[in-house]
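One structure is given below, encoded as structure tokens.
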Amino acid sequence: MSNVNCGVFLGIGWWSRTNPGKMTIYTSFSSGTLRTADEFRYTVAHEFGHSLGIGDAYLYNNASAANDMMRWNNGVTPVVSQLNIEMVLKAWKTGRFQNFERIR
Ligand SMILES: [Zn+2]
């Protein structure tokens, strides 16, 4: 889940290729501050990553790039990383949600 990003993704625990979950993206932060267009699209990209079968990178894996779209990227422009693509392909091939390796 990524409440930090003010997007909510339901389905990580029961994701499948035929049941990829549901995302809710808020137009403002919990403080009431409206998101910028960039903040909104970055969050959509992040949550869409979940629907393609990959988990959050923040808190879990330092092997992902600092600007990986599956991390919290406050202040940087997130990108789709090679690791994201590899994990999406593995999710598709195995039919299983792919989590980043835990670092703690
Ligand atoms: Zn997330």
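Things worth noting here:
- Taking Cα atoms only, the orientation of helix 82-94 departs from the longest principal axis of the chain by about 50 degrees.
- Cα-Cα pairs of the chain separated by more than 18 Å (percent): 45
- Rounded to 10°, Cα long-axis angle of helix 37-51 versus longest principal axis of the chain: 20
Quick note: the coordinates plus some simple rules give every number you see, no bench work behind them. Source: prediction; values computed, not measured.
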